[in-house]
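Read the figures in this text as sums done on the coordinates, not as results from a lab. Everything numeric in this text was worked out from a predicted model, so none of it was measured. In this analysis, Cβ positions are derived from the backbone assuming ideal geometry, glycine residues included, and neighbour counts consider all displayed protein chains.
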Protein chains: 2
Amino acid sequence: MIGIALAGYGTVGQGVMDLFQKRKESIQKRLGKKIDICYILVRDSRKKRDIDLYGAELVCDIKKILDDDDIKILIEATGDITLGYKLIKEALTKKKHVITANKAVLSLHLEELSALAEEQDVYLLYEASVGGGMPLIKPLQDLSLHGEIRSLRGLLSGSCNYVLSKMRIEQIPYDDVLEEAKNLGFLEADPIDDVGGFDTRRKLRILATLAFRGKIEEDDISLEGITKIEQEDISRLFQMGYAVRLVAQAFKENQCVQATVHPMALPITDFLRSIDKAENGVEFFGDHFIKVCFQGSGAGRYPTAHAMLSDLEDVLFSLRRKTSPLGSKELHIIPYQKKARYYVRSAVPTLFAIEEQIDEKVWITTPVAHNVLKENLPEGAVAIAIGE
Amino acid sequence: MIGIALAGYGTVGQGVMDLFQKRKESIQKRLGKKIDICYILVRDSRKKRDIDLYGAELVCDIKKILDDDDIKILIEATGDITLGYKLIKEALTKKKHVITANKAVLSLHLEELSALAEEQDVYLLYEASVGGGMPLIKPLQDLSLHGEIRSLRGLLSGSCNYVLSKMRIEQIPYDDVLEEAKNLGFLEADPIDDVGGFDTRRKLRILATLAFRGKIEEDDISLEGITKIEQEDISRLFQMGYAVRLVAQAFKENQCVQATVHPMALPITDFLRSIDKAENGVEFFGDHFIKVCFQGSGAGRYPTAHAMLSDLEDVLFSLRRKTSPLGSKELHIIPYQKKARYYVRSAVPTLFAIEEQIDEKVWITTPVAHNVLKENLPEGAVAIAIGE
């Protein structure tokens, strides 16, 4: 018997249990071995729960799981940074394979945990951590191992996409959309992690590190969220043929990396333009292929659980490398310098060369490098890069 | 030592040898074992060759390879249907892993060879068989195993794409482009396999069989090539905002499959529209993701060799399932019935309901099912489905 422990029994944890029960028999048949989720780790094991546990034992002490030699795999679905890190690290140390959706922990500790997993000769898999509904981490690891990846672009926040789509389609002001999104559960009570772009930056940190086979940290990525964008900006740009999105981008030339998260106005021919509502989309460009792209729901119970179950099968059938997927390239991080025309709205005049004046407060600049623009943008001004 | 035999030393075979020599040391280091290409199978081993063999022995009798127990892997790059089939079958029977780029053999014998490989507990891998420059077979096998794939669309012939792009951009008639493409080596002396759509249909047969986990054969796929399309059709449709491409499509609803290869006029928002020149592009739509798409060169020495080397690493590191990737779904093949507006050029009037008359010989129909259109199209008429 191969024992599995599940940490966390919230939205994702219950989804994992649900899909596991549905697929258990088929997996066992192909594997020729029994498998089961034996423990569910929760904060309070005495709390009354109205959810089926499928025979698993509720525990609130990780020690019980770590000391049980029948438990070979930990599925970490707590969503908690401190607890998640502790659980993952201790499980790997005890030579248990780990599957996690915890992007915050990975963003902070990807190198340390990957090295530990390799050292302990166990798997650390995290398909669900970025774009749960897009099967992208595994293909990305393959792509980056077999050839150079030159760049990547993505819409990595379903919440931002939802807000921006809604503002455009229903012509509702930012604050009202935010309020509605909070009420519907699309956004946290404090939505700054999403609309400020921090969540997107965390995901870009993970994807770029895997893609370029060298370390790119959160602080290496310049960041501008969508908090300053108003409905009038979206409407004006839509009339000009563009849709506004929060775009994560990174590219590598020689060993120099430029990475950024900022709002962009995307033309109708752009693949990312078609990513709508709460979806995510990513595209990779490389040497041995031209483009590989993924579109899917960004999160949610079943997309996330499905990604974790895919990882589980790969662990059970030993279908992945146990060596760290991170490379050891010495990358130089330089400011994001790509030039673009910018839509600028500002109460005070700006110093940028103007291509077109839209009204007394809104201009389209001539092409200007992103880092130069950021340094010279007046306080309170909104700048949206115009895609080609 | 893990011995490898290479069958065929033409464009692809030499590319494989070249990349193998470049990566050999890195693979050996990670694997902890020596590997080498020990034999190269050719038709005539005495023929004088001006190419480096890197110490491999030229042989013209497969028996020498089959009887050598040190040879664990055959890389089949002959491009020959009869010989290729014989080599693959005999190697699998002798419990040797097989890597092939031979789509014609796979299209004819996919089920038989997959079953044989599973029975012999060895790998049969063929990343290079469809879209050599796009890493799509491996992700497709994963996607179809973990969830339902509902449909796929693709441009699978670099040659057709080249011809259609050229006719549009340089406004050259079909016959002249064909002549030029033959002279440049983009097309065979008898190009009907490409421009008649037979090559595309073979690739769709393989992709659809993997995607839907049941058998879809070439004869199940309705076929119309690009041979009747003239420069005036392409120009007219371009003025209307469309680019003409040969599109392979298949979709599954319940257990019913519809599959077709026919020319389509693609709007500017269509991902496939951006696939230009001799490129290929494919998109898959599924339940657990929205869309995954691939764009890359369709063939060529290094893209194909690179795909075969990726397979080789997966064999060496045991990173794939040995169980057959084909499913056993009982699929019902029904005629392709999807409705579309059609651009029709015909010397004699047609019976279709007309949405717009372009000139005395050219009409745009109201939406009509593909199978109905095909049955009622006058001899010699050209019909191009208009994408939305």
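Structure summary
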| item | result |
| --- | --- |
| Segment A:103-152-segment A:348-388 distance, computed between alpha-carbon centres (Å) | 37 Å |
| 10 Å binning of all Cα-Cα separations within segment A:1-97, expressed as whole percents from 0 upward | 16, 51, 30, 4 |
| Residue-count net charge about A:V368 - beta-carbon cut-off 9 Å; Lys, Arg +1, Asp, Glu -1 | +2 |
| Nearest-first distances (nm) between copies at A:T323, label 7 Å from Cα via Cβ | 2.8 |
| Inter-copy spacing of B:K47 label points, which lie 7 Å from Cα along Cα→Cβ, given in nm from shortest upward | 7.3 |
| Residues listed by number, segment B:260-274, amide nitrogen under 20 Å from A:I169 label point at 7 Å toward C-beta | B:269-271 |
| Antiparallel bridge percentage (DSSP; both residues within chain A; nearest 5) | 60 percent |
| Inter-copy separations for A:E112, label at 7 Å along Cα-Cβ, nm, ascending | 5.9 |
| Cut-off under 5 Å, modelled amide H: who pairs with A:V247 long-range | A:H262, A:M264 |
| Close Lys-Lys pairs in segment B:140-298, where close means Cα under 24 Å and separation is 8 or more or interchain | 17 |
| Residue-wise HN-Hα coupling along segment B:239-250, computed from phi with Karplus coefficients 6.51, -1.76, 1.60 (Hz; x: Gly, Pro) | 4, 7, x, 10, 10, 8, 9, 8, 10, 9, 9, 8 |
| Positive dipole terminus of the protein assembly as shown, leading residue within B:N280, A:T304, B:A5 (C-beta point charges) | B:A5 |
| Prolate/oblate/rounded call for segment A:283-388, Cα gyration tensor, a/c under 1.5 rounded | prolate |
| Chain B - charge dipole about Cα centre, Lys and Arg +1 at Cβ, Asp and Glu -1, debye rounded to 20 | 1160 debye |
| HN-Hα J in Hz across segment A:45-62 - Karplus 6.51, -1.76, 1.60, θ = phi - 60°, x for Gly and Pro | 7, 8, 4, 6, 10, 9, 10, 5, 9, 6, x, 6, 8, 7, 10, 10, 10, 4 |
| Under 5 Å, built H, 5+ apart or other chain: amide partners of A:I2 | A:K34, A:I35, A:D36 |
| Kirkwood estimate for segment A:148-297, i.e. one over the average of 1/r between Cα atoms, Å | 15.7 Å |
| Of B:I354, B:I99, B:I234, the one that fluctuates the most in a GNM where chain B has Cα springs shorter than 10 Å | B:I354 |
| Span from the segment A:268-332 Cα centroid across to the segment A:48-81 one, whole angstrom | 27 Å |
| Whole-Hz ³J(HN,Hα) from phi, Karplus 6.51 cos²θ - 1.76 cosθ + 1.60, for segment A:159-165, glycine and proline x | 5, 4, 4, 4, 4, 5, 4 |
| Whichever aspartates and glutamates have a C-alpha closer than 19 Å to that of A:K29, once near sequence neighbours (fewer than 8 apart) are set aside | A:D18, A:D311, A:E313, A:D314, B:E118, B:E119, B:D121, B:D142 |
| Computed [θ] at 222 nm, deg cm²/dmol, the protein assembly as shown (DSSP H ≥ 4; -39,500 (n - 2.57); rounded to nearest 500) | -11000 deg cm²/dmol |
| Residue-count net charge about A:M1 - beta-carbon cut-off 13 Å; Lys, Arg +1, Asp, Glu -1 | 0 |
| For the protein assembly as shown, projected area of the alpha-carbon convex hull averaged over all directions, nm² | 35.8 nm² |
| Counting DSSP beta bridges with both ends in the protein assembly as shown, the antiparallel % (nearest 5) | 60 percent |
| Summed side-chain charge close to B:T209 - residues other than B:T209 whose Cβ falls under 14 Å, Lys, Arg +1, Asp, Glu -1 | +2 |
